[in-house]
Amino acid sequence: MTLAVRDAAQLAELDDDHDGIVTQAEFARGRSQLEAAVARQLVVARDGKVAYPQLIRSHLDKNNNVEVHLDFPAAVFSSLEIQSKLMASLPNGHRQYLQVQDFIGKTIAEGLLGAAADRATAQITVANTSVAAQETVSSFADFLVLGVKHILTGYDHLLFLFGLLVVARGFVSSLKIITSFTIAHSITLAVATFSLVQIPSRIVEPLIAASIVYVGVENLLRSDNPKARQLLTFGFGFIHGFGFASVLRETGVGSRSGGIALPLLSFNLGVELGQIMVAAAVLPIIWKLRASPVFIARWAPACSAAVVLLGSFWLVERVRLN
């Protein structure tokens with residue numbers, strides 16, 4: 001099981017001095033309490049009979065994730081049920097990516113666990129194509145919905161796009177901006193999820209806020225026609241992609257070598273679908289307003305100023321917390 005350190009700290013006392021940072025020494029002191037909590041609340045049953053771990057070990061990695069490994073005695077069984085009662089103790093809305101592999105590393109079941117659905121069952125039998133297909137479709141839909149929800153509630157990402165689009169002139173200009181953002185964050189989402197490049201969230205989150213401030217300031221300084229917006233969007237899109245990747249890592253995706261492609265693809269599609277939904281609702285309104293000289297002269301700069309203020313608030317808050 002992979003958990004963000006702030007989520008693991010909900011299960012055990014890991015931050016002794018309450019400074020918001022868990023050091024290796026603090027983790028070493030709280031490790032046994034964390035392992036006991038996981039062993040107690042992660043229920044594994046084989047053919048209806050609960051199995052108990054014979055070995056538990058955990059560590060805090062360089063990316064501020066906690067990995068807990070539980071080893072169970074070998075046995076022959078046909079049905080495996082996993083229940084994570086931990087979901088009730090973690091922050092509201094937390095999801096945990098579950099993957100079950102057979103002895104050759106083939107994925108036979110996967111999905112997302114949450115407080116409202118904290119258990120899953122895998123049939124360890126001769127391959128059942130229809131069941132495997134249903135589980136794949138279900139997992140794809142879960143991550144698709146997660147991606148849509150993340151962008152619709154990712155107010156910093158939406159504000160960044162709004163700051164770019166509020167001064168965009170027409171459909172073609174808006175399409176280039178959205179496409180640049182999509183390509184850039186898709187690249188970093190992939191490389192970060194596959195652990196090819198890792199940047200800690202304490203660096204990424206303030207940078208996302210800084211990108212919002214920059215866009216708003218540029219709108220104000222360069223009047224109503226900022227140049228090279230596609231390149232600017234592409235560059236900052238890389239940073240936002242690392243923010244998206246943190247959502248997948250916190251569910252446990254990427255902690256193993258297999259089963260990354262499907263969650264990555266469906267989550268990214270969900271993010272793009274959410275962007276399209278927002279753009280379809282907001283852009284016609286912006287284009288309609290931009291037909292008025294009063295909006296261009298007064299309200300567009302006012303919107304950009306609001307972008308700067310809100311981005312600055314997030315920047316200060318995130319730097320202070322980190």
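P(r) tail for the chain, what percent of Cα pairs lie past 24 Å?
Numbers: 30598 of 51681 pairs.
Of all Cα-Cα distances in the chain, 59 percent exceed 24 Å.
Using a simple charge model, +1 on the beta-carbon of Lys and Arg, -1 on the beta-carbon of Asp and Glu, nothing else, what dipole does the chain show about its Cα centre, in debye to the nearest 20?
Numbers: 26 positive and 25 negative charges, 210 e Å.
The dipole magnitude comes to about 1000 debye.
For a Förster distance of 22 Å, can you work out the FRET efficiency between the beta-carbons of Arg29 and Arg57, rounded to the nearest 0.05?
On the way: r = 16 Å, r/R0 = 0.72.
The computed FRET efficiency comes out at 0.90.
Given the pairs Lys85/Lys106; Lys62/Lys149; Lys176/Lys288, which are separated by over 23 angstrom at their Cα positions? Write out the running numbers ahead of the final one.
Details: Lys85/Lys106 26 Å; Lys62/Lys149 28 Å; Lys176/Lys288 19 Å.
Checking Cα-Cα distances, Lys85/Lys106; Lys62/Lys149 exceed 23 Å.
Over the alpha-carbon set of region 167-315, work out the extent along each principal axis and list the three values in angstrom, largest first.
Extents along the principal axes: 55, 28, 23 Å.
Could you tell me the largest-minus-smallest coordinate of the C-alpha atoms of region 1-130 on each of the three principal axes, in descending order and whole angstroms?
52, 30, 25
If region 4-75 were replaced by its equivalent ellipsoid, with semi-axes equal to the square roots of 5 times the Cα gyration tensor eigenvalues, what would those be, largest first, whole Å? Display every interim value, and only then the final one.
On the way: eigenvalues 143, 25, 18 Å².
Calculated on Cα positions only, the semi-axes equal 27, 11, 10 Å.
What is the percent carbon and sulfur in the accessible area of the chain, measuring with a 1.4 Å probe over the protein chains and ignoring ligands? Walk me through the numbers on the way to the answer.
On the way: 10300 of 16240 Å².
Of the solvent-accessible surface of the chain, carbon and sulfur hold 63 percent.
Figure the gain on full extension for Asn92 and Val76 (residue separation times 0.36 nm, minus the Cα-Cα span) and round it to one decimal in nm.
On the way: separation 16, 0.36 × 16 = 5.76 nm, distance 3.64 nm.
Full extension of this stretch gives 2.1 nm more.
Roughly what % of Cα-Cα distances in region 137-193 sit above 12 Å, to the whole percent?
Numbers: 1181 of 1596 pairs.
Of the Cα pairs, 74 percent sit more than 12 Å apart.
Based on the mean of other beta carbon atoms within 10 Å per residue, what is the order of 237-243, 70-76, 90-96, most packed first?
Result, highest mean first: 237-243, 90-96, 70-76.
Just to be sure I understand the model, the point goes 7 Å from the Cα along the line to the Cβ. What's the resulting Ala45 to Arg320 distance in nm?
4.8 nm
For the chain, what's the relative contact order in percent, using C-alpha pairs closer than 8 Å and at least 6 residues apart? Provide the component values of the computation, followed by the final result.
On the way: 465 pairs, mean separation 60.8, N = 322.
It comes to 19 percent, rounded to a whole number.
The values are calculated or read from the model by the stated rules, or taken from the named source; none is laboratory data. Since the model is a prediction, treat every value here as computed from it, not as a measurement. Note that each Cβ is placed from the backbone with ideal geometry, even for glycine, and that neighbours are counted across all protein chains shown. Side chains are part of the model used for accessible areas, which takes the heavy atoms of the whole protein and leaves out ligands, DNA and RNA. Shrake-Rupley method; radii C 1.70, N 1.55, O 1.52, S 1.80 Å.
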